[in-house]
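Written out below as structure tokens is the structure these notes cover.
Quick note: the coordinates plus some simple rules give every number you see, no bench work behind them. Given the structure is predicted, the values throughout are model-derived calculations rather than measurements. Using ideal geometry, Cβ is built from the backbone for each residue, glycine included, and neighbour counts are taken over all protein chains shown.
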Amino acid sequence: MSDRTLYRLFSWELSYFSGKVRSYLRHKERLGDLGPGFEDILATPDLVAGLLVPATGSGAVPQLLTPQGDWVQDSSEIIDTIEARHRGHPILPDVRVAPRQALAGHLVELLADEWMVVPAFWERWHYSLPGNDPNHLSYNAMQWGSVFAAGASGEARRAAGAKLFEEVFGISEARTRPRGVYAGLVHLGCTPDTEQAWWRSLQRVLDRLSDHFAVHDFVLGGAPSLADFGLRGPLYAHLYRDATSGFLLRTRHPIVAEWVERTNGPNVSARTFGQKLYSLGANGDLVDRPATSDGGLWLADDDVPPTLDALLAVFFEEMWPMLKSSVETMTAFVASSAHTRGDELPAKTFFADPPWTEHQTGDGALTHEIEIGGLVVRRMVTGIHVWKLQRLAGVLAAALAASRDDVCGWLERFPGGKELLDLEDRLVGCRVRKDGARLFSV
Ligand SMILES: N[C@@H](CCC(=O)N[C@@H](CS)C(=O)NCC(=O)O)C(=O)O
């Protein structure tokens, strides 16, 4: 029997958002700031159907069960919940002292959660299509079979993954009749016409991260923060672990690959937070210093270095126009006869939520045109973007209260940066309430 007083994380190793939360919990636990600690539990289909769905209304992972018996779904809400309970080692500088860094941390998390997700999702499935070379279908089938047939023999696990891909995702006809995950890619605006543009967007982010991590070991300097945990979503389970993209990441962006190893947990060569580097003193004795950059600390004086500005420019140039339009589309939908205020809204990141498929696909009321790499494509609008923007609006208000001039001056550096200042007003017509993993208009 496992210890009932631990936090319990229900996760998959292959899962984008599980990787984010797991590395966060490991970090808190290593620093002795997670109370009783946590157990990482494989969310098998039995547990998903019998525990997770009844608890939160969603089978999505990660989900957290607290020692008090409360369930939390959504990676950001899990982190917020733990941060509110365990305050010894916060994962962001205090917004009242370092408003730009606190805001930067949230913006990087949002970019990682809801923009980089598209090309990261694409690489997993594109390189699993029959005929594509290089191809990691066998690896991918194995990692899915390990969830769906946990406990079966190795060959049975691999076969279970392959069966799932064929029967549920229709992998053989993915290009002509997208189903399952392949339909999800289309819902997100990642089609045969736009997939290379999405891939280029990702390479742009990776190039900028390479420049940044060449100087600083973590996003905010020498210690991990929310921004690093957010980036673990795309970078760990997908871009590092998946075989084809893992090869590309290690060979084309080795500095980013090293950051993945650094943020995984103890890795003596990649330098873990809290590790010491030793040199020999005059008497041959061991003299230690912090192993990570910047003296093992977040940058002083609320500094946001140019290499981090360059990463955030991707948020403002590419993602922000999509978010603005998302909010407008959701506002119109909530006000329309298709919705009754107070009713539920779709909340999925990866694909159209079945009850709203008609609205979220084709030319439906919950779709909009976005631009990626100069190409225009339609994609779904989801309530999770509204919820994440509401959360951001709270941080923004605190940052502005701390130092309006500093924050405004900094935002002015980005195209459309000052538009963020109106975020609260933009959300007025589409605010949502979260209950478990479900979202409702208010
Ligand atoms: N907004 C959620 C997204 C969670 C999510 O989409 N998880 C994926 C795996 S990475 C999943 O479980 N998908 C299956 C589903 O949504 O039913 C979060 O941040 O936790």
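Would you mind calculating the gained length between Ala150 and Glu167 on full extension (0.36 nm times residue separation, minus the Cα-Cα distance), in nm to one decimal? The span from Ala150 to Glu167 would gain 4.3 nm if fully extended. Shown here for the range 122-159: trypsin sites (Lys or Arg not before Pro) in loop regions (DSSP other than H, G, I, E, B) with at most 11 other Cβ atoms within 10 Å, of which there are none. Summing Cβ point charges (Lys, Arg +1; Asp, Glu -1) relative to the Cα centre of the chain gives a dipole of roughly 620 debye.
Placing a label point 7 Å from the Cα of Arg30 along the Cα-to-Cβ direction, the residues of the range 269-299 whose backbone N falls under 12 Å of that point are 269-276, 291-292. Among the helices of the chain, those built from whole DSSP H runs whose Cα atoms reach 24 Å or more along their own axis and whose mean Kyte-Doolittle hydropathy is at least 0.0 are 383-411. Each of Thr176, Val407, Val381 was placed along the dipole of the chain (beta-carbon charges, centred on the mean Cα), and the one lying farthest toward the positive end is Thr176. For the listed residue pairs Lys324/Lys388; Lys28/Lys418; Lys20/Lys388, the alpha carbons are over 24 angstrom apart in Lys28/Lys418.
Which of the trypsin sites (Lys or Arg not before Pro) found in the range 351-417 are in a DSSP loop and have at most 14 neighbouring Cβ atoms, other than their own, within 10 Å? Filter output for the range 351-417: Arg413. Per-residue ellipticity at 222 nm computed for the chain from its helices equals -14000 deg cm²/dmol, with DSSP H segments shorter than 4 residues left out and the rest contributing -39,500 (n - 2.57).
For the range 310-386, the Cβ-based charge dipole about the Cα centre amounts to some 80 debye (Lys, Arg positive; Asp, Glu negative; other atoms uncharged).
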